[in-house]
Amino acid sequence: MDPRHEPAAAEQPPARRAGPLDRLVSRLPPWIWPVGVGVAALAGALILHLFDPSQEGNPYPTCPFLFLTGLQCPGCGTTRALALITHGDLLGAAGMNPLTVLLLPFLLLVHVRWLIGTLRPGRALRPEPDVPVRVMVTILVGIVVFWVLRNLPWFSFLAAGTPLLPS
């Protein structure tokens, strides 16, 4: 290799020293990350089950995008949808946010694959959930399309709180 093309020692970035947090994280077993996320999700589901976001005086914040613009973001209705799912009401949840109901099985699948991947020997310390880029791009485009459509008058059935099957 030609020494003229190698960066000088002064040009190379200094090596990063491992701090106390890095040392602590390196000692943790890799399965701790998906288990921690799962425990946090279950705790959130329990809170949503016990404290209904549809009731007056609930402890949940208002969507800042809805508050500032009057338009619904793709996540509007998600808290109420998840609360309804904890009570077993899938149709009611889909009326609050159909995107949440559609994406939840995918998110559960990714989480289970992440957990199983950390239990296999020889994996990285903190493995990332293995999702192909094309799938992620498709989901992102779907979220943006949903965001636009739910704010158009012709697609008002996608707005939060609109029942799927009117009685």
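The values are calculated or read from the model by the stated rules, or taken from the named source; none is laboratory data. Because the structure is predicted, anything quoted here is derived from the model rather than measured. Cβ atoms come from the backbone with ideal geometry, glycine included; neighbour counts cover every protein chain shown.
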Q | Unique match (being in a helix (DSSP H, G or I), among the aliphatic types (A, V, I, L, M), exposed (fewer than 15 other Cβ atoms within 10 Å of the Cβ) and within 18 Å of the chain's Cα centre (by Cα)) among LEU99, LEU107 | A | LEU107
Q: Write out, first by first residue and then by second, each pair whose Cβ atoms fall under 9 Å of each other, whose residues are 6+ apart or on separate chains, and whose first residue, in segment 33-56, is in contact (Cβ under 8 Å) with a residue 60 or more places away in the chain while the second is among the small types (Gly, Ala, Ser) and in a helix (DSSP H, G or I).
A: PRO34/GLY117
Q) When segment 92-106 is examined, which residues are found to be within 11 Å of ARG80 (Cβ to Cβ) and among the aliphatic types (A, V, I, L, M)? A) ALA93, MET96
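Looking at ALA83, ALA40 in this structure, which one is surrounded by 13 or more Cβ atoms within 10 Å (Cβ to Cβ) and under 30 Å from ILE116 (Cα atoms)?
ALA83
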Q) Any idea which of SER26, SER54 is among the hydroxyl-bearing types (Ser, Thr, Tyr), over 24 Å from VAL144 (Cα atoms), in contact with a Leu (Cβ under 8 Å, 6 or more places away or on another chain) and modelled with pLDDT under 85? A) SER26
